[in-house]
Amino acid sequence: MSNYHRTSTIFIFLFTFITLLPSMVTAQGALGAIKLSGNSEYAEFSNANRGITDQVTVEAWIKTTSMGHHHIISKYDRDTENGFQLLIQNGKACLAGRDGSGNYRISGYSTTIVADNNWHHLTGVVHNGTWRIYVDGVLQNELVTGYTNTVLNSNEKLLLGNYYYVYLGNHYYTGMVDEVRLWKKALTEEEIRQNMCRTLPANAPGLVAYLKLDNLAGGVVVDASPLKMNGKLINTSPAVASVPSGAPIGDKSVYRYTNRWDSSLEMVTDYANFSVFKVDPAIKGFHLYSIQSPPASTNGIGSPQEVREYYGLFKVGDTSKKYKVYFKQYGMACGGNLYRRADNTVSNWNLVADTTGSPIMLYNSSANYGEFAATSKAAPTVEISGPTSICSGTTATLTSSYTGTGKIVWNTGETSSSIKVNKSGTYTVEVTNAAGCTAKDEIQVSFTMEPVTSLPTEVFTCYGEPVILDATAEGAVYKWSSGQSTPGITVYTPATYYVTITINDCSYVKEVKVSNGECPVIPNIITPNDDGKNDLFVVQGVEPNSLQLKLYNRWGKPVYQNDNYDNSWSASALSAGTYYYCFTSRRSQKVYKGWVEVVK
């Protein structure tokens, strides 16, 4: 038990270290690849040696069905007996070449048939006289020469997809190639596994050729290594040679090779936990990778705008052996949809798993590679519609936009889709769908109070005198029935006046009645001498004919009476002296008494 515990501890530490290895590259995984027909098409680079001396590593992702003898990468000079070739023969891969010893070296062929129309990662390594071939991160064969004075540098051109010798002719490659890497050092098995399913930083130590093959514009094959020794297409064009890549390459990756799958392999990012578990023990290894940008094609994905990154896997082993994908994307409280496609060459995604009320999705598979993306189940959405500002004396109707199944609850306690409110405040509604997921919205409603003015409901004025009507209210706009738009107006005619006061889009109509009051101005002297000045006893400040007049002499004897006095009395038949009047208003029944002196 103690030995097992110690072994597990070491393994967990190593796995954690590998899992947390950072990627310094931000790209979109596999984008493009080169496709060669096997009919005189290849890419050619200069004969520069790129610093290669006694050790080398050659890597490439390939996909082919050809069982012939063809070369993937070669920089080999048979005459000087130096150089290397990464090639396929009879469907199997090997690393071959000459090391200056006079002998042709060959690592031995891989046990895996790589010409099976699947993507495979090939690595050839020469180190300390040993020639090795790896397929998908697994050492498949090796040749231990015992010769340590290895010389690999040659003056031949670096070729992609061909090897030519005058006596042997050409060995053109048929199929697709991606992510070609040439190192002037020997990579370890762990380094091969660590990097094979992720893009590299261009300044990786010892990297002397890096052909990502994403863009072949102008027939140029770009070398992304620090040496930047670009090549060119031969006997083909970008339109023919440039194709989408299906190689399982991401921006970050984790891996595990074991014969004891007693725990899951997890790819943890800022957005999700992408894992495999319940892995068949016959599976030799697994790579998980993430691509930290949306896929170029989102066909088939519902709500594709949610996809910020996507994920992939590469299984090493028998295609019939099964495993289970565990996918948990954070923030999917209402459940989610998991989509899959085989690789980047497939434009359509298929829904393979979904959940309700849980962010965890599971998928059973045996495929050697696949890519996954997830979106959330549609959470309920709700929005309150209705006015945010209400005029005093009215009610506001607030309506929830939610029409799905479940329940609606307002903070007023009401459960209907609409409510009426008549006071200021914050109103919220919470909806819950059938899956138990909730959504909430709120609205602030304010009521505009009716403005307070000094305008009375009725004004009395002395007959013929002007009256000022003032409806001033802060921040208001006015419209009087007289057509004026000022806060106050001056009127001369008794009538009923209306003013519409608008404030914060609320309009209030106020009414004021202007009535003639009785403000009689009665003279105390008249001079009826026909000079046209003060000849008549004229009363002002009252409506015409609204007064009854009785006049008396100093002894109380009536001398004049007019029930509808019209300001016409001139005392023409009377002598000078003092007379006493009594006016009685027919409107108000008020009595006005006094005296008037007649001067002749």
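The values are calculated or read from the model by the stated rules, or taken from the named source; none is laboratory data. This one's a predicted model, so the numbers in the text were calculated from it and none came from an experiment. Here Cβ is always computed from backbone atoms with ideal geometry, including for glycine, and neighbour counts include all displayed protein chains. Side chains included, ligands, DNA and RNA excluded: accessible areas come from the protein's heavy atoms. Shrake-Rupley method; radii C 1.70, N 1.55, O 1.52, S 1.80 Å.
Output the residues belonging to the stretch 478-535 that are open to solvent by less than 70 Å² (accessible area, probe 1.4 Å), under 30 Å from LYS593 (Cα atoms) and hydroxyl-bearing (Ser, Thr, Tyr).
Correct list: SER515, THR527.
Being within 36 Å of the chain's Cα centre (by Cα), over 24 Å from ASP116 (Cβ atoms) and of a type outside the set (S, T, N, Q) is the filter here; which residues of the stretch 168-217 pass it?
LEU200, PRO201, ALA202, ALA204, TYR210, LYS212, ASP214, LEU216, ALA217 - these are the residues of the stretch 168-217 that are within 36 Å of the chain's Cα centre (by Cα), over 24 Å from ASP116 (Cβ atoms) and of a type outside the set (S, T, N, Q).
Is there any pair linking a residue in the stretch 72-94 that is under 16 Å from LEU122 (Cα atoms) to one that is in a strand (DSSP E or B) and open to solvent by 10 Å² or more (accessible area, probe 1.4 Å), with Cβ under 8 Å and at least six apart or on different chains, and which?
Pairs that qualify, where the first residue is under 16 Å from LEU122 (Cα atoms) and the partner is in a strand (DSSP E or B) and open to solvent by 10 Å² or more (accessible area, probe 1.4 Å), are ILE73/LEU159; SER74/LEU159; PHE84/TYR76; GLN85/TYR76; ALA93/HIS120; ALA93/GLN140; CYS94/ILE106; CYS94/ASN141.
Is it true that some residue in the stretch 289-311 is farther than 30 Å from ALA43 by Cβ, modelled with pLDDT of 95 or more and more than 29 Å from the chain's Cα centre (by Cα)?
Within the stretch 289-311, not a single residue is farther than 30 Å from ALA43 by Cβ, modelled with pLDDT of 95 or more and more than 29 Å from the chain's Cα centre (by Cα).
What number of residues in the stretch 207-236 are β-branched (Val, Ile, Thr) and over 21 Å from TYR163 (Cα atoms)?
Number of matching residues: 0.
Taking TYR134 and the conditions (1) in contact (Cβ under 8 Å) with a residue 12 or more places away in the chain; (2) under 28 Å from ASN235 (Cβ atoms), which numbered condition does it fall short on, given that it satisfies the others?
The failed condition is (2).
Checking ASN47 against (1) in a loop (DSSP other than H, G, I, E, B); (2) of a type outside the set (Val, Ile, Thr); (3) within 49 Å of the chain's Cα centre (by Cα), which test does it fail?
(3)
Just to verify a result, which residue in the stretch 419-440, among those that are at negative phi and not in a strand (DSSP E or B), is surrounded by the most Cβ atoms within 10 Å (Cβ to Cβ)?
Of the residues in the stretch 419-440, the ones at negative phi are 419-424, 426-435, 437-440.
Add one more test, that the residue is not in a strand (DSSP E or B), and what stays is 422-424, 433-435, 437.
Values: ASN422: 12, LYS423: 10, SER424: 13, ASN433: 21, ALA434: 12, ALA435: 19, CYS437: 19.
So the residue we want is ASN433.
Looking at LEU213, LEU207, LEU233, which is the one that is of a type in the set (A, V, I, L, M), open to solvent by less than 50 Å² (accessible area, probe 1.4 Å) and at positive phi?
Selected residue: LEU213, the only one of LEU213, LEU207, LEU233 that is of a type in the set (A, V, I, L, M), open to solvent by less than 50 Å² (accessible area, probe 1.4 Å) and at positive phi.
Taking GLY219 as meeting all but one of (1) touching a strand residue (DSSP E or B) at 6+ places or on another chain (Cβ under 9 Å); (2) modelled with pLDDT under 95, write down the number of the exception.
(2)
Among the residues of the stretch 202-213, is any modelled with pLDDT under 95 and touching a strand residue (DSSP E or B) at 6+ places or on another chain (Cβ under 7 Å)?
Yes: one or more hits.
Tell me, please, whether a residue that is crowded, with 16+ Cβ neighbours inside 10 Å, in contact with a Cys (Cβ under 8 Å, 6 or more places away or on another chain), under 17 Å from TYR42 (Cβ atoms) and not β-branched (Val, Ile, Thr) can be found in the stretch 87-103.
Checked against the condition, which is being crowded, with 16+ Cβ neighbours inside 10 Å, in contact with a Cys (Cβ under 8 Å, 6 or more places away or on another chain), under 17 Å from TYR42 (Cβ atoms) and not β-branched (Val, Ile, Thr), the stretch 87-103 yields at least one hit.
Suppose we filter PHE13, PHE84 for residues that are closer than 20 Å to THR188 by Cα and modelled with pLDDT under 90; which single one remains? Steps first, please.
On the way: PHE84 fails: modelled with pLDDT under 90.
On inspection, the qualifying residue turns out to be PHE13.
Of (1) touching a strand residue (DSSP E or B) at 6+ places or on another chain (Cβ under 6 Å); (2) open to solvent by 30 Å² or more (accessible area, probe 1.4 Å), SER416 satisfies all except one. Which?
Exception for SER416: condition (1).
Pick from THR490, THR496: which is under 30 Å from GLU543 (Cβ atoms), touching a residue at least 24 places away in the same chain (Cβ under 8 Å) and among the β-branched types (Val, Ile, Thr)?
Working: THR496 fails: touching a residue at least 24 places away in the same chain (Cβ under 8 Å).
Every option except THR490 fails the conditions.
Are there any strands (runs of 3 or more DSSP E) wholly within the stretch 111-191 with 2 or more residues that are open to solvent by less than 10 Å² (accessible area, probe 1.4 Å) and more than 17 Å from HIS69 (Cβ to Cβ), and if so which?
Working: elements: 120-127, 130-135, 138-144, 174-183.
The strands (runs of 3 or more DSSP E) meeting that bar are 120-127, 130-135, 174-183.
Somewhere in the stretch 301-315, is a residue part of a strand (DSSP E or B) and open to solvent by 10 Å² or more (accessible area, probe 1.4 Å)?
So the first thing to find is which residues in the stretch 301-315 are part of a strand (DSSP E or B), and the list is 310-315.
Still in the running and open to solvent by 10 Å² or more (accessible area, probe 1.4 Å): none.
Scanning the stretch 301-315, I find no residue that is part of a strand (DSSP E or B) and open to solvent by 10 Å² or more (accessible area, probe 1.4 Å), so the answer is no.
Of all residues in the stretch 460-475, which are acidic (Asp, Glu) and in a strand (DSSP E or B)?
Step one: list which residues in the stretch 460-475 are acidic (Asp, Glu), which gives 465, 470, 474.
Scanning the stretch 460-475 gives a single hit, ASP470.
Exactly one of (1) in a strand (DSSP E or B); (2) more than 22 Å from ILE301 (Cα to Cα) is unmet by GLY393. Its number?
Looking at each condition in turn, GLY393 falls short on (1).
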